[in-house]
Amino acid sequence: MNKLTSFIQEQRQTKPLLMMTHVVYGYPSIEKSLEIMQLMLESGVEILEVQFPFSDPVADGPTITTACHHALENQPKLSQCLKDIKQLAQRYSQSRVLLMSYLNPLLQPGFASLAQQMGDNVIGIIIPDLPIDHHTMLAPLCKKEISPIWLITPDMQQERIRTVIKHAQGMLYCVSRSGVTGQQAPIQDDTKAQNIQSYLSTIRKFTSLPLAVGFGINTASDIRSLKGHADVAIVGSALLNAFNKGGLESVAVKLQELQP
């Protein structure tokens with residue numbers, strides 16, 4: 001069985017919902033971003049998603065976009081990012097680490113080189129601006145058992161969902177609503193929660209892969225509404241906002257507040 005799928009299923013035997021957190025590599029500095037990642041892993045986060053910064057992160061809201069722009073001023077290198085997060089994956093073997101990047105930064109090394117650099121420790125990749133029609137580009141990663149994680153959106157047609165699922169590995173990233181990340185649109189409202197639950201039920205008809213839900217997951221109530229419907233809650237901007245307000249201490253408080 002796929003390594004990421006197996007990990008999630010194993011964890012779900014004793015946990016109602018897993019947490020996946022999002023960090024921008026290099027923000028506010030490379031060293032500090034690694035400290036944020038370490039804090040999250042020490043706090044018991046099951047999956048860590050590390051975003052390599054890009055100048056035009058079209059799927060991201062203002063919080064993450066601003067962080068990317070600041071991170072780029074620190075001139076991060078993809079090769080060093082992979083070395084750093086591989087070390088974290090080795091040190092915190094109870095969790096799993098994924099790379100998130102837009103397509104452009106990945107084209108220079110190419111996917112064969114990327115697969116070698118990711119090795120056995122960074123076990124998944126999210127490329128939000130790569131259409132499923134170009135899935136064959138990721139063949140070198142698949143050969144190394146690195147899961148390409150595809151996005152499904154609420155307005156996606158069922159035929160398109162079937163196409164995505166046909167090529168999906170590891171888990172599916174289910175975008176909770178239209179728009180970009182970090183928008184303040186709490187989902188604990190009964191109608192919104194029911195809509196998301198219905199949306200996840202529709203996806204579940206087509207696949208047994210774990211379902212991870214992201215975009216707008218900001219509060220403990222948001223997370224509670226996903227229990228019994230999703231396998232993983234993805235939290236990004238809420239934790240970055242916490243860091244911007246009060247540093248690592250505020251991140252630790254927010255993590256505790258959000259524990260499923």
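The values are calculated or read from the model by the stated rules, or taken from the named source; none is laboratory data. Keep in mind the model is a prediction, meaning the values are calculated, not measured. Glycine gets a Cβ as well: all are built from the backbone with ideal geometry, and neighbour counts include every protein chain shown. Protein only, heavy atoms only, side chains kept; ligands, DNA and RNA dropped before computing areas. Shrake-Rupley method; radii C 1.70, N 1.55, O 1.52, S 1.80 Å.
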Put +1 on the Cβ of each Lys and Arg and -1 on the Cβ of each Asp and Glu in region 3-254; which of Thr136, Leu114, Met40 then has its Cα farthest toward the positive end of the dipole?
Thr136
Rounding to the nearest 20 debye, state how big the charge dipole of region 1-153 is about its Cα centre with +1 on each Lys and Arg Cβ and -1 on each Asp and Glu Cβ.
420
Interchain or long-range residues, amide H under 5 Å from Glu46's placed H:
Met19
What number comes out for accessible area per residue over region 3-254 if the probe is 1.4 Å? Units Å², please.
42
Integer Hz, Karplus 6.51/-1.76/1.60 couplings in order for region 29-36, x for Gly and Pro
8, 4, 4, 5, 5, 5, 5, 4
Greater than 23 Å separation of Cα atoms is the criterion. Which listed pairs, Lys86/Lys227; Lys86/Lys144; Lys83/Lys254; Lys83/Lys144, meet it?
Lys86/Lys227; Lys83/Lys254
Long-range HN-HN contacts of Ser147 with modeled amide H, under 5 Å:
Gly124, Ile125
For the chain, which whole percent of the accessible surface, found with a 1.4 angstrom probe, sits on carbon and sulfur atoms?
47
Quantify how much of the Cα-Cα distance distribution of the chain extends past 33 Å, in percent.
11
Short version: ³J(HN,Hα) in whole Hz for each residue of region 9-26, in order, from phi by Karplus 6.51 cos²θ - 1.76 cosθ + 1.60 (θ = phi - 60°), x for Gly and Pro, what are they?
5, 5, 5, 6, 5, 10, 10, x, 6, 9, 10, 10, 10, 10, 10, 8, 5, x
³J(HN,Hα) computed for each position of region 236-248 - Karplus, 6.51 cos²θ - 1.76 cosθ + 1.60, integer Hz, glycine/proline x
x, 4, 4, 6, 5, 4, 4, 4, 4, 7, x, x, 4
With only Lys, Arg, Asp and Glu charged, each at its Cβ (+1 for the first two, -1 for the last two), find how big the charge dipole of the chain is about the Cα centre; round to the nearest 20 debye.
600
How many nm separate the modelled label positions at Glu31 and Arg162, each set 7 Å beyond the Cα in the direction of the Cβ?
5.5
Sum -39500 (n - 2.57) across every DSSP H segment of at least 4 residues in the chain, then divide by the residue count to get the 222 nm mean residue ellipticity, nearest 500.
-13500 deg cm²/dmol
Could you list which residues have their amide H under 5 Å from that of Tyr27, counting only those 5 or more apart in sequence or on another chain, with H placed in the peptide plane?
Ser33
Does region 54-170 come out rounded, prolate or oblate, given a ≥ b ≥ c as the square roots of the eigenvalues of its C-alpha gyration tensor, rounded meaning a/c under 1.5 and, failing that, prolate meaning a/b above b/c?
oblate
